[in-house]
Structure formats: structure tokens, C-alpha cells
Amino acid sequence: MKIIIAPGSFKGSIVSKDVSSIIARGIKKIKKNVEIYELPIADGGLGTLNIITEYFKGKYNSCNVTGPLGKKIRVRYGIIQRKKTGIIELAQASGLHLIPKCLRNPLKTTTMGVGELIKDSIRKGCKKVIIGVGDSGTIDCGIGALSALGVKFLDKNSKQIETNCAGLLNLYKIDNTEIVSLKSIRFFILVDVSNPLTGKNGAIVYAPQKGATKKELPIIHQGLKNFKKVILKEYGIDLDKIKGSGAAGGIAGGMYAILNAKIICGFDYFEKIFQLNKKIKNADLVITGEGMIDRTTFSGKATGRIIEMCQKYHKPVILICGDYDSRLNFKKYGAVKIYSLIKIAKNKKKAISYPERFLTKLVLETTHFLESI
């Protein structure tokens with residue numbers, strides 16, 4: 001029996017690589033005659049760094065960078081030496097999980113640390129940089145990261161603006177004359193959403209979860225619109241016509257326009273390197289899941305895309321998650337079973353705080369079900 005284990009991360013709790021390992025270990029203890037393929041999935045957010053770096057046998061580097069609140073933090077990134085490629089995970093330097101709930105305010109947070117990581121990777125010889133931009137706590141259109149790389153964002157008086165969303169309100173012109181050396185570097189942005197920069201479906205959609213109040217939303221949207229206006233004036237690019245430009249508070253759009261970065265769907269990238277389509281076609285069973293399974297799961301997220309592949313090849317799916325919307329008909333999507341950490345823990349806070357413990361218990365239930373197959 002061939003089983004593919006391809007979960008996403010349980011955001012704010014446990015990364016996909018660890019979820020995959022726990023599930024595989026539990027199955028092997030009870031069911032011996034199985035072939036297990038661990039293919040932990042990420043889509044640009046937490047877990048992206050580990051999966052890509054380890055898949056290509058890269059090495060980790062650590063350095064001190066500016067965190068989302070402006071204080072120095074120590075984080076790591078990956079380098080795949082034989083490909084001269086740096087692997088940067090925005091969440092490491094500017095992730096929402098780094099900001100205490102009481103301090104979350106996307107008008108003030110910055111992506112400067114992301115730029116400092118990129119700079120360090122280039123200093124170490126990287127000619128290509130892959131940046132996963134999911135799980136951000138920022139909406140600065142990447143001006144923090146880009147300013148760390150030498151781009152100047154100026155107001156009407158040619159003074160440097162604040163490198164955050166509040167600063168976007170005063171942006172008048174962009175001076176990129178000091179980044180000529182970056183033109184030989186290829187940048188790839190892995191995004192987990194397809195939102196444009198502005199409008200009701202733009203980057204503003206994710207502002208409340210990053211801590212924005214109702215009063216702050218119009219201010220943030222004005223900053224985004226002003227950035228779009230300046231980019232159109234200086235580069236001739238309408239970022240609202242670029243799919244995914246609003247990802248991670250607009251950093252994808254900013255890097256697309258200024259660094260000529262290529263925006264890529266994070267799941268598509270992982271599907272290609274793992275040959276997921278082929279592996280699912282040859283599997284007997286697929287186990288996937290994420291922190292919360294609801295309607296949004298089936299709107300392009302990694303878990304939903306895997307389920308769609310399983311439907312295509314008529315493969316049974318077991319879903320393992322933190323929690324799920326019980327109103328959904330999972331059998332319609334080919335799921336033979338769905339297991340929830342919260343149901344096992346009987347407490348949401350416990351499930352999030354001790355995922356390894358409850359995931360191990362949950363896997364026991366899964367393997368009992370497998371015994372009947």
C-alpha cells in the first residue's frame with residue numbers, strides 16, 4: 001500500500017514538516033506493509049524555508065536583522081550552494097507570529113529584515129533568490145525590504161519616508177539608482193494568494209488579521225493606492241493587473257515592479273519539484289490537511305489543490321486538521337475520514353500549544369482506521 005502524507009502547516013502551531021513526520025511515525029508503528037512518502041507542503045508561508053532548503057540539501061545561515069517592530073532579531077535563511085540560490089522566508093523576519101497581539105498594527109510594521117536577509121545572501125554569492133511571502137504581519141508594499149537593498153522612497157521634499165505603511169501616504173518618488181548591481185540577480189516570489197494590490201479584494205483584505213482597526217483600514221487603503229499611483233507613474237506598471245501583487249501586504253507587487261521579480265504560485269512551485277501529480281496518481285491513499293479546513297481551503301490553497309488532484313485520480317483522502325467547518329460535505333471532495341486536533345484535545349488553546357501531543361493521539365485513531373482498509 002502506497003500512502004502519501006502531504007500536509008500543510010497548522011499556522012501558529014506546527015509546521016508541515018513536523019506534522020508529516022508525526023503522522024508517518026505513527027502509521028509505521030501499527031501498519032508495517034506500507035510505503036510512505038512524506039511530502040510536507042508549503043505555499044510561501046511558514047515551513048517554506050525548511051522544505052526547500054532540505055529538499056535541495058542546502059545549508060542554513062543565521063544573521064541579525066530588523067524585526068517587524070524595528071527591533072533586532074536573529075533569524076535564518078537557506079543557501080543552496082550548487083545553485084547559488086538563497087531561500088528567504090518572509091515570516092522569519094516579518095511574520096505575524098513575531099508580533100504580540102497587543103502590538104499588531106500594519107501601519108507601523110516593516111519588512112526591512114527581509115531585505116537584510118536578501119542582502120546577506122547576495123553577499124555570500126547568491127545569484128538567484130527565492131522569497132516565500134506568506135504569513136506576513138506587514139502591509140508596506142515591500143518598501144522596508146527594498147530600502148534595505150538601497151532603494152530610496154522619497155516624499156515631495158526628497159526626504160526619505162518611513163519604511164512602513166504609514167510612510168506610503170507620503171510617497172512621491174522612487175530612486176533606484178543605487179541598486180544597479182541587483183540587475184544581475186534573479187528574484188522569484190512564492191505567493192499563497194492571488195489578490196491584486198488595491199480594491200476590495202486587494203491587500204486590505206488581510207489587514208484586520210494583522211491588527212488593523214476599522215478606523216485604520218481607510219488609511220491603509222489610501223497608502224496602497226498611493227503606492228500603486230507612484231509605481232504607475234515611474235514604471236508604467238498597473239499593479240492591480242498583476243495577479244498576486246497584493247500578497248503579503250503588497251511586497252510581491254513592489255518587488256515585481258522594482259526588482260523585476262517573477263511572482264509564482266507557491267503551491268505550483270512545490271507541485272513541480274515534488275512531482276505531486278504523478279505521485280498522487282500512483283498512490284493508494286493520500287493524507288493531507290492544515291490548521292483550519294473550511295470553504296477557503298477549496299479556493300486555491302495547497303490542501304484544497306491536493307484534494308482536487310485526488311478527485312481527478314479517484315484516490316481516497318484522509319484529512320487531518322486543527323479544526324474544520326462541520327457544515328461542509330467532505331465526502332463530496334473524496335474524503336473518507338476527517339480528524340481534528342481540537343476534537344481530541346477538547347480545548348482550542350491546548351490544541352494550538354501542544355500540537356505534537358494531540359497529533360500523536362490523533363494518528364492512533366487514523367491508524368486504527370487504516371487497519372480496516
How many residues of region 26-62 are of a type in the set (A, V, I, L, M), farther than 27 Å from Lys101 by Cβ and in a helix (DSSP H, G or I)? The answer is 4
* Is it the case that some residue within region 134-146 is modelled with pLDDT of 95 or more, on the phi > 0 side of the Ramachandran plot, part of a loop (DSSP other than H, G, I, E, B) and buried (at least 24 other Cβ atoms within 10 Å of the Cβ)? -> yes
Taking first residues from region 352-363 that are of a type in the set (Val, Ile, Thr) and second residues anywhere that are in a helix (DSSP H, G or I) and surrounded by 23 or more Cβ atoms within 10 Å (Cβ to Cβ), the pairs with Cβ under 8 Å that are 6 or more apart or on different chains are Val363/Ile23
The correct count of residues that are within 20 Å of Gly150 (Cβ to Cβ) and not aromatic (Phe, Trp, Tyr) in region 238-260 is 10
Checking Ile287, Ile219 in turn, the sole residue that is buried (at least 20 other Cβ atoms within 10 Å of the Cβ), hydrophobic (A, V, I, L, M, F, W, C) and not in a loop (DSSP other than H, G, I, E, B) turns out to be Ile287
Filter region 11-34 for residues that are in contact (Cβ under 8 Å) with a residue 24 or more places away in the chain, buried (at least 19 other Cβ atoms within 10 Å of the Cβ) and out of contact with any helix residue (DSSP H, G or I) (no Cβ under 6 Å at 6 or more places or on another chain); the one that is nearest to Met309 (Cα to Cα) is Ser16
Those residues of region 167-185 which are at pLDDT 95 or above, surrounded by fewer than 19 Cβ atoms within 10 Å (Cβ to Cβ) and not aromatic (Phe, Trp, Tyr) amount to Leu169, Asn170, Lys173, Asp175
Original post:
Within region 282-300, is there a residue that is outside the structural domain of Asp238 (by TED's automatic domain parsing), closer than 30 Å to Cys141 by Cβ, modelled with pLDDT of 90 or more and of a type in the set (D, E, K, R)?
Top reply: yes
Here the residues within region 2-25 that are touching a Leu at 6+ places or on another chain (Cβ under 6 Å), in a loop (DSSP other than H, G, I, E, B) and farther than 20 Å from Lys350 by Cβ are Ala6
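Condition check ((1) in a loop (DSSP other than H, G, I, E, B); (2) in contact (Cβ under 8 Å) with a residue 60 or more places away in the chain; (3) surrounded by fewer than 21 Cβ atoms within 10 Å (Cβ to Cβ)) across all residues:
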position	(1), (2), (3)
Tyr269	no, yes, yes
Lys278	no, no, yes
Gly300	yes, yes, yes
Ile307	no, no, no
His314	yes, no, yes
Quick one: is Tyr77 surrounded by fewer than 19 Cβ atoms within 10 Å (Cβ to Cβ) and either in a strand (DSSP E or B) or among the hydrophobic types (A, V, I, L, M, F, W, C) (or both)?
no
Per the filter on region 229-249, residues more than 23 Å from Val180 (Cα to Cα) and part of a helix (DSSP H, G or I) are Lys229, Asp240, Lys241, Ala247, Ala248, Gly249
Looking for something in contact (Cβ under 8 Å) with a residue 40 or more places away in the chain, crowded, with 20+ Cβ neighbours inside 10 Å, of a type in the set (S, T, N, Q) and in contact with a helix residue (DSSP H, G or I) (Cβ under 7 Å, 6 or more places away or on another chain) - is there at least one such residue anywhere in region 232-245? yes
So is Ala351 in a helix (DSSP H, G or I) and aliphatic (A, V, I, L, M) or not?
yes
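Please state which one of Lys119, Lys101 is on the phi < 0 side of the Ramachandran plot, in the same structural domain as Lys71 (by TED's automatic domain parsing) and free of Cβ contacts under 8 Å to residues at least 40 places away in the same chain.
Lys119
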Restricted to region 80-107 and to residues being of a type in the set (D, E, K, R) and more than 14 Å from the chain's Cα centre (by Cα), the residue surrounded by the fewest Cβ atoms within 10 Å (Cβ to Cβ) is Lys101
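The values are calculated or read from the model by the stated rules, or taken from the named source; none is laboratory data. Quantities reported herein were computed from a predicted structural model and do not represent experimental measurements. All Cβ positions, even for glycine, are placed from backbone atoms using ideal geometry, and neighbour counts span all protein chains on display.
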